[in-house]
Amino acid sequence: MIVLQGGTIVTAGGLARADVGIADGRIVSVGQSLSGDDVVDCSGCLIGPGFVDIHVHFREPGQVWKEDIETGSRAAAAGGFTAVVPMANTEPATDSRALAVSMIERGRQVGLVELVPAAALTRERRGHAVSPVEELWDAGVRIFSDDGDSVAGANLLEEAMRRVAGLGGVVAQHAEDATMTRDGHMHEGTVSARLAIGGLPAEAEEKVIARDLELAEMTGVHYHVQHVSTAGSVALLRDAKSAGFNVTAEAAPHHFSLDHHSLEGRDTMMKMYPPLRTRDDVTAVAAAVRDGTIDAVATDHAPHTVEEKEVPFEQAPRGVIGLETSAAVAWSILDGNPIAFFERMSVAPARIGGFVEQGRWPGVGEPANLVVFDPQMVWTPDKFESRSRNSPWIGATMRGRPVATFHRGRQTYRSADR
Ligand SMILES: [Zn+2]
């Protein structure tokens, strides 16, 4: 039996000092002074459900020099994750049963996290015809999104929403009105004006969310807003939720910690879409993560090589990695509220992604998908399990880090620093 010794268990009901015994993939005992043949020192640590990331890019198939399912899974485990949802903007795009099944099987083979891909909402992510959502659902897909691009056509989106609603799935939107962002490379505001770089206005995101909310209300689908980045989007969500809409949302760690001033030096490591916004936007997104208006933290882990990023700002690909730093950044705004921390990092994303064995508070009989998180560990990101290292936090001082991760009772990560 594996024993997690001396930690504090986090559940919806509160915090409790107790040891956790793991055998045959499950939690078999919770109590004081347990003994076992493999003891993990958890003193000073929080023990909670393994993190779940419903928005990653593993680049397989198509661009495996950036990342693949194996390196992405290793990065996830090192970040405390036990389940991930890779987006469908692979090459080819995940728009068929066969492709979805092969990704799920590859994830199982690697065996470090539970992996269920999102599927493209439209065939080849081209925005012309709804993908075969019924057969994708049968393959296990629960989230449908053309992420990387927004679904523009209202009629098409409405049809997709009706069909996905009939299945009980989630329509997730990368909200960006492409007609407003064509020449954009960063947030349209004071910094982009000073640098004379084309901007992506906040309205490009908000306009799409406002339109989609009307369609969502009409169709009754579970509508999920991906990587919320503006105060206006937060306000739309707050209103929709108080009106009882079936809507959820996620925010990426960079959108509740960094603002557009990080781009003053044209640093390509700070280039991502949606872009880093204003300080007021960051404050609004962080407040929404704290109060639950934004249900889940999701990294939008988007690997690119150093060579790809070492080009003039306008030519650089968008996106940053995030799996190995997500918990520390989330903890920086949820410090003092471990229950909310695990709600946003595990429980809510597991619910949205339809992972029945994930995001479950630790207790006897529950599947042992767990993370041991040291809330005090101070560390500096430098080396990554990811194949890429395009992180905006290299060299930063972070507090809070996973010490060990368990997926189906098997240790998938153990920190060398403790
Ligand atoms: Zn996106």
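Out of Ala327, Ala316, Ala368, one residue alone is over 30 Å from His185 (Cβ atoms) and open to solvent by less than 10 Å² (accessible area, probe 1.4 Å). It is Ala368.
Conditions (1) modelled with pLDDT under 95; (2) open to solvent by less than 20 Å² (accessible area, probe 1.4 Å); (3) within 23 Å of Ala118 (Cβ to Cβ), marked per residue:
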| residue | (1), (2), (3) |
| --- | --- |
| Asn337 | no, no, no |
| Met345 | no, yes, yes |
| Arg351 | no, no, yes |
| Gln358 | no, yes, yes |
| Arg408 | no, no, yes |
| Thr412 | no, no, yes |
| Asp417 | yes, no, no |
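Among helices (runs of 4 or more DSSP H) entirely within segment 291-399, having at least 2 residues that are over 15 Å from Pro49 (Cβ atoms) singles out 306-309, 326-334. Taking into account only those residues within segment 63-77 that are assigned to a loop (DSSP other than H, G, I, E, B) and within 21 Å of the chain's Cα centre (by Cα), which is nearest to His407 (Cα to Cα)? Among those residues, the one meeting the criterion is Asp68. Which one of these is in contact (Cβ under 8 Å) with a residue 60 or more places away in the chain, open to solvent by 10 Å² or more (accessible area, probe 1.4 Å) and away from the ligand (no atom under 16 Å from the Cβ): Asp37, Asp41? Asp41 is the lone residue from the list that is in contact (Cβ under 8 Å) with a residue 60 or more places away in the chain, open to solvent by 10 Å² or more (accessible area, probe 1.4 Å) and away from the ligand (no atom under 16 Å from the Cβ). Gly72 falls short on exactly one of the conditions (1) more than 30 Å from Glu124 (Cβ to Cβ); (2) open to solvent by less than 10 Å² (accessible area, probe 1.4 Å); (3) of a type outside the set (D, E, K, R), and that condition is (1). Among the residues in segment 252-261, are any at positive phi and more than 16 Å from the ligand (Cβ to nearest atom)? No. So if I check each of Val113, Val171, which one is within 16 Å of the ligand (Cβ to nearest atom), in contact with a Phe, Trp or Tyr (Cβ under 9 Å, 6 or more places away or on another chain) and among the aliphatic types (A, V, I, L, M)? From the options Val113, Val171, the qualifying one is Val171.
Filtered by the rule that a residue be crowded, with 16+ Cβ neighbours inside 10 Å and within 16 Å of the ligand (Cβ to nearest atom), segment 174-198 gives His174, Ala175, Glu176, Asp177, Met180, Thr181, Gly184, His185, Met186, His187. Residues in segment 28-62 that are under 17 Å from Glu385 (Cα atoms) and in a loop (DSSP other than H, G, I, E, B): 4 in all. Do you know which of the residues in segment 263-273 that are within 15 Å of the ligand (Cβ to nearest atom) and not basic (Lys, Arg) is nearest to Ser233 (Cα to Cα)? Residue satisfying both the conditions and the ranking: Tyr273. Val306 meets each of the listed conditions (1) farther than 26 Å from Asp212 by Cα; (2) modelled with pLDDT of 95 or more; (3) open to solvent by 10 Å² or more (accessible area, probe 1.4 Å); (4) among the hydrophobic types (A, V, I, L, M, F, W, C) apart from (2). If I ask for residues that are more than 20 Å from Thr248 (Cβ to Cβ) and either surrounded by fewer than 20 Cβ atoms within 10 Å (Cβ to Cβ) or of a type in the set (Gly, Ala, Ser) (or both), which ones from segment 274-291 would you list? Thr278, Arg279, Asp280, Thr283, listed by residue number. Inspect segment 208-227 for any residue being over 19 Å from Arg344 (Cβ atoms), surrounded by 24 or more Cβ atoms within 10 Å (Cβ to Cβ) and among the small types (Gly, Ala, Ser) and give the result as yes or no. Yes, segment 208-227 has at least one match. None of Ala100, Ala77, Ala118 is within 19 Å of Ala175 (Cβ to Cβ) and open to solvent by less than 20 Å² (accessible area, probe 1.4 Å) except Ala118. Only a single item in (1) under 28 Å from Ile321 (Cβ atoms); (2) touching a strand residue (DSSP E or B) at 6+ places or on another chain (Cβ under 6 Å); (3) away from the ligand (no atom under 16 Å from the Cβ) is not met by Pro201, and it is number (2). Applying the set (1) among the hydrophobic types (A, V, I, L, M, F, W, C); (2) within 16 Å of the ligand (Cβ to nearest atom); (3) under 22 Å from Phe51 (Cβ atoms) to Leu276 leaves exactly one unmet item: (3).
The values are calculated or read from the model by the stated rules, or taken from the named source; none is laboratory data. None of these values were measured; they are calculated from a predicted model. Virtual Cβ from ideal backbone geometry, glycine too; neighbours counted across all protein chains shown. Areas reflect the complete protein model, heavy atoms only, side chains present, ligands, DNA and RNA absent. Shrake-Rupley method; radii C 1.70, N 1.55, O 1.52, S 1.80 Å.
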